[in-house]
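Accompanying notes for the structure given below.
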Amino acid sequence: MSFAGQTVHSSLPLVASITPMAGSLLVYFAGLVNDRARNAVAIAIAALTLVLVLMMYPQVNAGLILEANYGEFLPPLGISFRVDLLSFFLAGLSAFIWLLATVYSLEYMQGEHGTNRYYSFLTLTLAGALGTFLAGDLFTLFLFFEFMSLPAYILVVHEETDEAMRAGLKYLFMTIGGGLCFFFALVATYELGGTVTLGQVGLIKDVSLLSALAFVGYLIAFGMKAGMVPLHVWLSDAHPVAPSPASALLSGIMIKTGAYGLLRVIYGVYGPEFMARVNWPSFLLAAAAITILLGSAVAIMQQDIKRRLAYSSIGQMGYILLGMSLLTERALTGDIFHIFAHAFMKACLFLAAGAVIKRTGKRLIADYAGIGFKMPVTMGCFTVAALTMVGIPPLNGFISKWEIALGAFDAGKPLFAFLLVVSSLMNAVYYFPIIISAYFGRPAHDSLATGHEGSGSAEAPRKWLEPSWGMLLPMLLLAAGCFAFVLFPNNWPFAVSAFVARLLLHP
């Protein structure tokens, strides 16, 4: 892996971003023909998008930066794309998990209402996420960031229950507020730096009231999307009410756009040297600590499986905020790797929980006793992802937490390493009981362990509840992603994370 720093023109970022945008219309009209045509088109668009992103790899791996500018959209601002290793890494991750969630949806959404709308907006949201990661300037990032947020609202309210509509309304108002803060910060950056391109480091060089207000604007906009406390209140309501594959994408990918935005602001708009001179990282570290502890503490108290997973996401995003705020290479390496690791493990957890809900109708954790006997593959995937979340070696979660902890020592802040240990214990408190109950628990009114009600015979056949391979395969691939790269001689995602961390800290 090398870094030449040279830029080459490429239309691939634009094509990759607009393919799902145009594809969402094809998905909808195919659905007017029949469900099979719509499903085939949805899978084809997601697969094609992944191929288009992967086509950028040879040039990005050679150290080249892909750029494309498309004139002044709103003078003096225009649409531009810029793909470096970080952009490619996150875009590829998004497209891959989106494809898995789309495949999973084929069985999960059978018999559900509004499936044409669901698949269309699922595909449309992918366009916004990719455009956010591949944007070449803050204005383009702003457009795609907001574009992603609106179709995501449709996914949140898909069930159309009172709870879903309330959660969607909260999400919508907070999204609008975050967008306004982003717009203010964008204007302030242009006023202070004369440009909003992401190809330069240190667009804002001087400490002033306006530069501080711009930072607050970015922090609110991206922190809200990332689920940072106290801007997290939409997440804990929205993720549980959305269809499970949508929840997997909201938690696994969409909140990462907030983390990505903060990375670009801290290490691009302001730059690591500027951030080291001011005291702002101290506020970020405090916010990270509160986010980690509050998210984990509230997750312990949740009895609904999807609400527990939602609050867990808040705590996990605290790790990512912590890693980028320490301003050390090892912490930033762990930070970027945790973005990758969390996408796999949290998407797997939501898909596994969705499979249980789909096949049994059970959402309360108390009802999961013995479910491992009826759904061993599903709960096996859940177990691997949960252990990764806790940080059991050699799973991905251990690697990212290890690096962030070492980065805390490098920064002379060992208390944050201790915080990671405490948080891991809290993760175990809300994940281990689910796993233990699933395999060793005995349901009160359902003979999961014996196979039929009231028989009491351990010899009786168990009722098999596993979904089809269309739902199992995405879960298995995500569970494998939680540890498979550790088994290779070269852990490619970790190597990418370390390389990107060096580039961000030493541009």
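Rundown of residues vs (1) without any contact (Cβ under 8 Å) to a residue 24 or more places away in the chain; (2) in contact with a Leu (Cβ under 7 Å, 6 or more places away or on another chain); (3) on the phi > 0 side of the Ramachandran plot, yes/no style:
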residue: 194; (1), (2), (3): yes, no, yes
residue: 201; (1), (2), (3): no, no, no
residue: 213; (1), (2), (3): no, no, no
residue: 228; (1), (2), (3): no, yes, no
residue: 237; (1), (2), (3): no, no, no
residue: 247; (1), (2), (3): no, no, no
residue: 252; (1), (2), (3): no, no, no
Can you give me the ranges of the helices (runs of 4 or more DSSP H) entirely in the range 111-229 with at least 1 residues that are farther than 21 Å from residue 270 by Cβ and open to solvent by 10 Å² or more (accessible area, probe 1.4 Å)? 115-134, 138-156, 162-193
Could you tell me whether residue 317 is under 12 Å from the mean Cα position of the chain (by Cα) and either buried (at least 24 other Cβ atoms within 10 Å of the Cβ) or part of a helix (DSSP H, G or I) (or both)? yes
Take residue 357 and decide whether it is under 23 Å from residue 488 (Cβ atoms) and in contact (Cβ under 8 Å) with a residue 24 or more places away in the chain. no
Filtered residues of the range 353-408 (kept if of a type in the set (S, T, N, Q) and buried (at least 24 other Cβ atoms within 10 Å of the Cβ)): 378, 388, 396, 400
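A quick yes/no check of all residues on (1) at pLDDT 90 or above; (2) within 25 Å of residue 311 (Cα to Cα):
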| position | (1), (2) |
| --- | --- |
| 436 | yes, yes |
| 451 | no, no |
| 465 | no, no |
| 469 | yes, no |
Select from the range 276-305 the residues that are out of contact with any Phe, Trp or Tyr (no Cβ under 7 Å at 6 or more places or on another chain) and closer than 26 Å to residue 146 by Cβ and list them in ascending order. 283, 284, 287, 288, 291
Check residue 410 against each of (1) closer than 30 Å to residue 284 by Cβ; (2) within 23 Å of the chain's Cα centre (by Cα); (3) charged (D, E, K, R) and name the one condition it does not meet. (2)
Within the range 1-72, which helices (runs of 4 or more DSSP H) (wholly inside it) include 2 or more residues that are in contact with a strand residue (DSSP E or B) (Cβ under 9 Å, 6 or more places away or on another chain)? 12-33, 57-61
Quick one: what pairs do we get from the range 157-173, first residue within 15 Å of residue 233 (Cα to Cα) and of a type in the set (Asp, Glu), second open to solvent by 10 Å² or more (accessible area, probe 1.4 Å) and in a helix (DSSP H, G or I), C-beta under 9 Å, 6+ apart or different chains? 163/237; 163/241
Of the conditions (1) over 23 Å from residue 372 (Cβ atoms); (2) open to solvent by less than 20 Å² (accessible area, probe 1.4 Å); (3) out of contact with any Lys or Arg (no Cβ under 8 Å at 6 or more places or on another chain), residue 420 clears all except one; give me its number. (3)
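The values are calculated or read from the model by the stated rules, or taken from the named source; none is laboratory data. Since this is a predicted model, take the numbers as computed values, not measurements. Positions of Cβ are backbone-derived with ideal geometry, glycine not excepted, and every protein chain shown enters the neighbour counts. Surface areas here come from the heavy atoms of the whole protein model, side chains and all, with no ligands, DNA or RNA. Shrake-Rupley method; radii C 1.70, N 1.55, O 1.52, S 1.80 Å.
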